[in-house]
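A.B. asks: Can you keep this structure in mind? I'll have questions shortly.
Every read-out reported here was derived from the displayed coordinates using simple, explicitly stated rules and does not represent laboratory data. Model, not experiment: these values are computed from the prediction. Cβ placement follows ideal geometry from the backbone for every residue including glycine, while neighbour counts extend to all protein chains displayed.
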Amino acid sequence: MARVALVTGGTRGIGHAISVALKNNGYRVAASYAGNDAAAQKFQAETGIPVYRFDVGSYEASEVAIAQITKDVGPVDVLVNNAGITRDGMFHKMTKQQWDDVIGTNLNGLFNVTRHVWDGMRARKFGRVINISSINGQKGQMGQVNYSAAKAGDVGFTKALAQEGARAGITVNVICPGYIATEMVKAIDPAVLEKSILPQIPVGRLGEPEEIARCVVFLASDDAGFITGSTLTANGGQYFAG
């Protein structure tokens with residue numbers, strides 16, 4: 001029977017590419033989203049992948065949604081924690097709400113969702129948890145103290161949980177994308193992209209969502225069974241982590 005994969009934030013951008021790639025590789029996929037009903041319904045109609053609306057920042061909402069996904073699709077074997085938001089601002093202007101929103105989704109969301117699939121993975125002696133962090137969680141970014149802190153926390157979460165899951169047949173890894181050609185990045189002023197962003201990327205281009213998706217497909221596979229606690233950077237050479 002095909003393994004079940006849940007992709008949070010799985011209907012748009014990088015998440016969309018991940019969901020489609022996993023389905024194309026034989027997984028039964030469920031995708032979550034936070035609030036854009038129109039985009040989610042379009043995604044479901046085009047891909048045939050069922051969608052579930054819930055806030056990963058809520059422990060209770062995550063519990064209810066995962067119970068429903070388990071009933072509808074099956075127990076989750078592969079979890080891709082992709083959901084993320086930005087609330088950018090210089091620290092001296094950053095509000096408590098901006099901090100709480102980003103930490104709530106981008107860091108607490110990993111706990112809220114993973115906690116509700118972890119026991120099942122341990123019982124079945126198999127699991128793949130793949131967390132999507134960011135280059136800015138590795139190097140930091142001015143104007144993104146909240147985002148960088150959360151994404152750095154995702155890396156620490158991965159390294160610690162990998163040690164707990166190893167003997168139960170569960171791998172836990174993290175991917176740190178650089179600048180990827182999503183709607184959000186493409187909305188940046190072309191002049192800024194050309195003059196300020198692309199010159200920082202040695203390969204001279206933005207990454208494609210499908211390139212991140214292929215990383216996920218590999219880490220989810222049996223071929224990656226000896227890889228856990230690892231950070232996979234996919235940033236075109238923009239930053240080399242030590």
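A.B. asks: Which peptide among 5-13, 26-34 comes first, and what is the full order, when sorted by highest mean count of other Cβ atoms within 10 Å?
C.D. replies: The packing order, highest mean first, is 5-13, 26-34.
A.B. asks: Mind jotting down a quarter of the surface of the convex hull over the alpha carbons of the range 108-162, in square nanometres, one decimal?
C.D. replies: Mean orientational projected area (the range 108-162, Cα hull): 3.8 nm².
A.B. asks: Shifting gears a bit: Neighbouring Cβ atoms within 10 Å as the yardstick, rank 1, 94, 142 fewest first.
C.D. replies: 1, 142, 94
A.B. asks: Still on this structure, please answer the following. Each residue of the range 28-37 in turn: what ³J(HN,Hα) in whole Hz from Karplus with 6.51, -1.76, 1.60 and θ = phi - 60°, glycine and Pro shown as x?
C.D. replies: Karplus values, whole Hz, x for Gly and Pro: 8, 10, 10, 10, 9, 8, 9, x, 7, 5.
A.B. asks: Continuing with the same structure: Sort the range 4-234 into rounded, prolate or oblate with this rule: let a ≥ b ≥ c be the square roots of the eigenvalues of the Cα gyration tensor; rounded if a/c is under 1.5, and if a/c is not under 1.5, prolate when a/b is larger than b/c, oblate otherwise.
C.D. replies: rounded
A.B. asks: Whole-Hz Karplus ³J(HN,Hα) for the range 172-189, in order, using 6.51 cos²θ - 1.76 cosθ + 1.60 and θ = phi - 60°, x for Gly and Pro?
C.D. replies: 9, 9, 10, 10, 10, x, x, 6, 10, 6, 9, 4, 5, 6, 5, 6, 5, 3
A.B. asks: Could you quote the convex hull projected area for the range 1-133, Cα atoms only and averaged over all directions, in nm²?
C.D. replies: The orientation-averaged projected area of the Cα hull of the range 1-133 comes to 8.3 nm².
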